[in-house]
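Novice: One structure coming up, written as structure tokens, with questions to follow.
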Amino acid sequence: MVGELGILKKDARNGWGWLFPVLIAVVLSGCSETRFLIHTAKRVSGSADESQSPNYKVGDPYQIQGVWYYPAEDYDYEETGIASWYGAQFHGRRTANGETYDMNALTAAHRTLPMPSYVRVTNLQNGRSLILKVNDRGPFARNRIIDISRRGSQLLGFQNAGTARVRVQIMADKSRALAVRVKGRTQLAQAGSPITVDRLPKPNVSTESLALPPGGKTAPEQARQQQAVPPKPESQPRRVASNTLQATPGDSNVVTIQPVRKTNLFIQAGAFGRFDNANRVRARLTAIGPVKVSSVLVKGRDLFRVRVGPLDDVTDADRMLEAVTRAGYPNARIIVD
């Protein structure tokens, strides 16, 4: 730009002074347009912020400490087990789907569910239940089924204990809707559009009643509707159930209280389609502890579960799980029933 201005000044001294202001305006206009195009390109590419945008992710099967995990869109998922929580050590780090972990947000880490998705986690020891967003992978210890943010553990009432017996259920409708929204944003970004839309605006529509023209008549149906217009109900304040605990002002969820019943801890070595296979496993584990084979109907199929227990507490369950794993059953897990 500096060289171009120098040439223009030289032309002005040679008698083309009348053209100098015009060309200056053209050159400056070109500079502004160039800056505008560069700024627009940064918005489209996302330069510094694009890598921090959350992505929808399921992922391929992976192996941790000899155990294979198979991520999937399982909208029928429900499991009981032991929950743990994670906090300051991971605060501010990137999660598995590109978000930034906030220990004060209502999020969780799961080994196989799609990210992001929503789950309801219920503390089976005190009845507290809360919806959390899954946006990370973990925990990778065999004896835990979900890792919850610090804020989630506070609301569910197990931060001090460190662990809790929980039931985890995927929120199918909310998770599907979230997946569609995040996938749509990703597609827009890949197409190079800086625009994202969460909700289309609704048009404002106004109505007006017009007087009848001379000689006109009101239709019978319309007359009945006009006479039967009910009065507008008075607005009532929203009632909050007494059995809910409101989260902090920044949270968009509440903790609900579910009925509490006595639960037991078991180690499930496996579930088999044939009783003789289950019975052989039972025989091998008899020396470790009390073992039972029970039948259950799952999606129209009879399965025979081999379980060790019941066990007194999480510490005993952890020790027994380790023993069952060493006995040759790496996919064994803790069950709360």
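No lab work stands behind these numbers, since they all come straight from the coordinates. No experiment lies behind these values; they were computed from the predicted model shown. Neighbour counts are summed over all protein chains in view; Cβ atoms, including those assigned to glycine, are modelled from backbone coordinates with ideal geometry.
Novice: In the range 54-103, how many are small (Gly, Ala, Ser) and more than 28 Å from Thr263 (Cα to Cα)? Show your work before the answer.
Specialist: So the first thing to find is which residues in the range 54-103 are small (Gly, Ala, Ser), and the list is 59, 66, 72, 81, 83-84, 87-88, 92, 96, 98.
Pick out the ones that are also more than 28 Å from Thr263 (Cα to Cα) and you get 59, 66, 72, 88, 92, 96, 98.
Matching residues across the range 54-103 total 7.
Novice: Is it the case that some residue within the range 132-140 is part of a strand (DSSP E or B), surrounded by fewer than 20 Cβ atoms within 10 Å (Cβ to Cβ) and not basic (Lys, Arg)?
Specialist: no
Novice: Another question, then. In the range 286-337, which strands (runs of 3 or more DSSP E) lie fully inside it and hold 3 or more residues that are buried (at least 16 other Cβ atoms within 10 Å of the Cβ)? Walk me through it before giving the result.
Specialist: Details: elements: 291-298, 301-311, 333-336.
Those strands (runs of 3 or more DSSP E) span 301-311, 333-336.
Novice: Of all residues in the range 253-285, which are surrounded by 12 or more Cβ atoms within 10 Å (Cβ to Cβ) and part of a loop (DSSP other than H, G, I, E, B)?
Specialist: Of everything in the range 253-285, those that are surrounded by 12 or more Cβ atoms within 10 Å (Cβ to Cβ) and part of a loop (DSSP other than H, G, I, E, B) turn out to be Asn253, Gln258, Val260, Thr263, Asn264.
Novice: If I ask for residues that are in contact (Cβ under 8 Å) with a residue 24 or more places away in the chain and at positive phi, which ones from the range 293-337 would you list?
Specialist: Hits for the range 293-337 are Gly309, Gly328.
Novice: Follow-up. Taking the range 158-175, which residues are closer than 26 Å to Met320 by Cα and in contact (Cβ under 8 Å) with a residue 12 or more places away in the chain?
Specialist: Within the range 158-175, the subset closer than 26 Å to Met320 by Cα is 158-169.
Scanning the range 158-175 gives Phe158, Gln159, Gly162, Thr163, Ala164, Arg165, Val166, Arg167, Val168, Gln169.
Novice: If a residue must be more than 26 Å from Asp313 (Cα to Cα) and in a loop (DSSP other than H, G, I, E, B), how many such residues does the range 68-94 contain? Don't jump to the end; show me each part of the working.
Specialist: Within the range 68-94, the first condition is being more than 26 Å from Asp313 (Cα to Cα), and the residues that meet it are 68-76, 88-94.
Among the residues that remain, those that are also in a loop (DSSP other than H, G, I, E, B) are: 70-76, 91-93.
Qualifying residue count for the region: 10.
Novice: Can we say Val119 is out of contact with any Lys or Arg (no Cβ under 9 Å at 6 or more places or on another chain), crowded, with 22+ Cβ neighbours inside 10 Å and hydrophobic (A, V, I, L, M, F, W, C)?
Specialist: Working: out of contact with any Lys or Arg (no Cβ under 9 Å at 6 or more places or on another chain): no; crowded, with 22+ Cβ neighbours inside 10 Å: yes; hydrophobic (A, V, I, L, M, F, W, C): yes.
Here the answer is no, as Val119 does not meet what is asked.
Novice: Does the range 95-124 hold any residues that are part of a strand (DSSP E or B) and either within 20 Å of Leu178 (Cα to Cα) or among the hydroxyl-bearing types (Ser, Thr, Tyr) (or both), and which are they?
Specialist: Taking the range 95-124 first, the residues part of a strand (DSSP E or B) are 100, 107-109, 115, 117-123.
The answer is Thr100, Thr107, Ala108, Ala109, Met115, Ser117, Tyr118, Val119, Arg120, Val121, Thr122.
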